[in-house]
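Below is one structure, written out as structure tokens, with a few remarks after it.
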Amino acid sequence: MSKKIVIVGAGVAGINAATKLVDNGYPGELITIIDKGNDPINRLPEEVMTGMLGAGGWSDGKLTYHTAIGGQLAKYCGEEKAMELMKQVVDNFTRFHPKPDEIFMSDPQEEPEFIKPYFGLRMFPVWHIGSNFLHEIAKAWYQYLLDKGVKFKWNEVVEQIDFENNVIHSSWNHPEAVEIRYTDYDELIFAVGKSGIDFAQSLSDKYQFPTEPKSVQIGVRFEAPQKYFQKLIDVSYDFKLYQKFDNVSLRSFCTNNNAAYVAVEETYGDISYNGHAKKGKEFENQMTNFGILMEIKGIEDPFKWSRDVVQKLQENGTGLYYSPGNTRQPGLTSEGTTVSAVQIGWLDLIKVTQVMEPYFDYIVNFISDMNKVFEFGDDWGMYIPEVKYLSPEPLVNYDNLALANFPNVHFVGDALSARGITVSGAHGIYVSEYLLTNVDND
């Protein structure tokens, strides 16, 4: 019997899963991908959260290559297999890249002495794809899957999934949509990104999935001229500084240099911030930006706590921006518009402190310690907040990432608490390898 495979979410996890299948002869006409965003031809640059290749594959393009970064992978398949899977993700981005010779890899080998009194430095290889190439990569990748017969349903919102009867209920992504559409499946790959975490949580509540609680991941996006950080960039382009305390650890995250832009994300109607880096002389602005994220353990219902904090840090429908003495203002996006944010003064930081209390002081101290090392004075700004929503991780079968009570439903990517492009894509490939071996598609 032919098996219909439906993938919910056309992000990095879902697209890598489909690619692995068709690369190995699985009939593309038996694969359907549903996404509430646009295809890469009609997707606008500012449509960051939904659509082909998701958020990271549309606006970031840094592929980390280490099992300690980006969420769980090695615990499912072992260290050696995890590294192999992540390399397949890198190879997929490379094969659809219009100028693969412009991809470069940074691979720091030694922690510099000048940061040791204040920070540790996590060192691992990173491939830098170049965010301005991502849209062309997405188009070429999309065409490849179309040519293989894969069916796509764009601008379609999955409203509910009946795991017991293998049916997906969805509707057209439009305010006037009333028609409910039905898609049946034999195998389901649940690959929603950050914008679908709320939906994943509702399914978990409905079906009472056993889960593993996750920590809070919240902080700010820091921005300053690149010259202050150049001595560290020369060692590690995508540097990750970290500090660790009893129940709180901090790390710099998703570092962007040279042509570095802050990106606005809208999730659940609230604004938060991220960043990306372009390639090419025409994009250079000599800026550096990175997240300063806290991982906070011990908070009851961390998903709800994070949502509440983000909501309280909104003003006039957007997020906040602070620079000491207003020495800097919000910068320009890569599209040439001012980053959406309300600029606040130091007195307004009291509100931020109250909302994040007692944790915002960790971020303040992190920036203070950076100033001792990099001596940027008041020449910096931060966008508030940056957040990584992590709902409780459903417990899955390690062999195929399937739910215990529904062995034909496989959770991957952000739905399984991945936090990066490479790990998410590896999840999708891992499931597809299982399906290729175990699914009868006569």
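Let me know the charge dipole size of the range 233-374 about its Cα centre in debye, to the nearest 20, where only the beta-carbon of Lys, Arg (+1) and Asp, Glu (-1) is charged.
280
When the dipole is taken about the Cα centre of the chain, and only Lys, Arg (+1) and Asp, Glu (-1) are charged at their Cβ, what size is it in debye, to the nearest 20?
Computed charge dipole of the chain: roughly 560 debye.
Can you tell me the 0 to 90 degree angle between the C-alpha axis of helix 12-23 and the longest principal axis of the chain, rounded to 10?
So the inclination is approximately 40 degrees.
Express the relative contact order of the chain as a whole percentage, based on alpha carbon pairs under 8 Å and six or more residues apart in sequence.
That works out to 24 percent.
Using a simple charge model, +1 on the beta-carbon of Lys and Arg, -1 on the beta-carbon of Asp and Glu, nothing else, what dipole does the range 69-228 show about its Cα centre, in debye to the nearest 20?
380
If you count only protein heavy atoms with a 1.4 Å probe, what accessible area per residue comes out for the range 111-175, rounded to a whole Å²?
That works out to 45 Å² per residue.
Give the distance, in whole Å, between the Cα centre of the range 341-375 and the Cα centre of the range 222-260.
Taking the Cα centre of the range 222-260 as reference, the centre of the range 341-375 is 16 Å away.
Would you work out the relative contact order for the range 150-189, in percent, from Cα pairs under 8 angstrom that are 6 or more residues apart?
Relative CO of the range 150-189 lands at 31 percent.
At a 10 angstrom cut-off on C-beta neighbours, averaged per residue, how do the peptides 336-346, 392-402, 285-295 rank from highest to lowest?
Result, highest mean first: 285-295, 392-402, 336-346.
Enumerate the whole-percent occupancy of each 10 Å bin, from 0 to the last occupied one, for all C-alpha pair distances of the chain.
4, 22, 32, 26, 12, 3, 0
Rank Gly325, Tyr398, Phe411 by how far each Cα sits towards the positive end of the charge dipole of the range 313-442 (+1 on Lys, Arg Cβ; -1 on Asp, Glu Cβ) and give me just the farthest.
Gly325
Compare the peptides 373-381, 75-83 by average per-residue count of other Cβ atoms within 10 angstrom and give them in order, highest first.
Most protected by this proxy first, the peptides run 373-381, 75-83.
Shape verdict for the range 325-442, please, from the Cα gyration tensor: rounded (a/c under 1.5), prolate (a/b greater than b/c) or oblate.
prolate
Binning every alpha carbon pair distance of the range 269-386 at 10 Å from zero, what are the percents per bin?
Here the calculated profile for the range 269-386 is 11, 42, 34, 11, 1.
Tilt of helix 197-207 relative to the longest C-alpha principal axis of the chain, in degrees (0 to 90, nearest 10)?
For helix 197-207, the angle is close to 50 degrees.
Which three semi-axes in whole Å describe the equivalent ellipsoid of the range 102-260, each the square root of 5 times a Cα gyration tensor eigenvalue, listed largest first?
Taking √(5λ) for each Cα gyration eigenvalue gives 41, 23, 15 Å.
Using every pair of alpha-carbon atoms in the range 168-254, split the distances into 5 Å bins beginning at 0 and state the percent of pairs per bin, rounded to integers.
Cα pair-distance distribution for the range 168-254, in percent: 3, 8, 11, 15, 12, 10, 11, 9, 9, 8, 3, 0.
Quick one: pull the percent of accessible area on the range 112-169 belonging to carbon and sulfur, 1.4 Å probe, ligands and nucleic acids left out.
Using a 1.4 Å probe with all protein chains present, the range 112-169 comes out at 44 percent carbon and sulfur.
With the Cα gyration tensor of the range 1-92 in hand, give its eigenvalues times 5 under a square root as the equivalent ellipsoid semi-axes, listed largest first in whole angstrom.
So the three semi-axes of the range 1-92 are 23, 21, 11 Å.
Suppose only helical runs count, i.e. DSSP H with n ≥ 4. What mean residue ellipticity at 222 nm does that imply for the chain under -39500 (n - 2.57) per run, divided by all residues and rounded to the nearest 500 deg cm²/dmol?
So the calculated ellipticity at 222 nm is -8000 deg cm²/dmol.
Of the listed peptides 85-94, 39-48, what is their order by residue-averaged count of other C-beta atoms within 10 Å, with the highest listed first?
Descending mean neighbour count gives 85-94, 39-48.
Any idea of the accessible area per residue across the range 234-350, 1.4 Å probe, to the nearest Å²?
Result: 43 Å² per residue.
Across the range 27-33, in residue order, what do the Karplus-derived ³J(HN,Hα) couplings come to in whole Hz, using 6.51 cos²θ - 1.76 cosθ + 1.60 with θ = phi - 60° and x for Gly and Pro?
x, x, 5, 8, 10, 10, 10
For the range 383-435, what is the convex hull (Cα atoms) projected area averaged across all directions, in square nanometres?
4.1
Once a ≥ b ≥ c are taken as the square roots of the eigenvalues of the Cα gyration tensor of the range 57-156, is the result rounded (a/c under 1.5), prolate (a/b larger than b/c) or oblate (a/b not larger than b/c)?
In terms of gyration-tensor shape, prolate.
Compute the helix-to-body angle for 302-312: its Cα long axis versus the longest principal axis of the chain, expressed 0 to 90° and rounded to tens.
Rounded to the nearest ten degrees, it is 50.
Quick check: at a probe of 1.4 Å, how many percent of the accessible area of the range 309-361 sits on carbon and sulfur atoms?
C and S atoms contribute 51 percent here.
Consider just the alpha-carbon atoms of the range 115-207 and return their Rg together with their Dmax, both in angstrom.
Computed over the Cα atoms of the range 115-207, radius of gyration and Dmax are 19.5, 61 Å.
Just for the range 1-131, what percent of DSSP beta bridges are antiparallel, to the closest 5?
That works out to approximately 60 percent antiparallel.
Over the range 25-176, what relative contact order in percent results from Cα pairs under 8 Å that are six or more residues apart?
Computed value for the range 25-176: 35 percent relative contact order.
The values are calculated or read from the model by the stated rules, or taken from the named source; none is laboratory data. Since this is a predicted model, take the numbers as computed values, not measurements. Positions of Cβ are backbone-derived with ideal geometry, glycine not excepted, and every protein chain shown enters the neighbour counts. The protein model used for the area step is the full one, side chains on, heavy atoms only, and it has no ligands, DNA or RNA in it. Shrake-Rupley method; radii C 1.70, N 1.55, O 1.52, S 1.80 Å.
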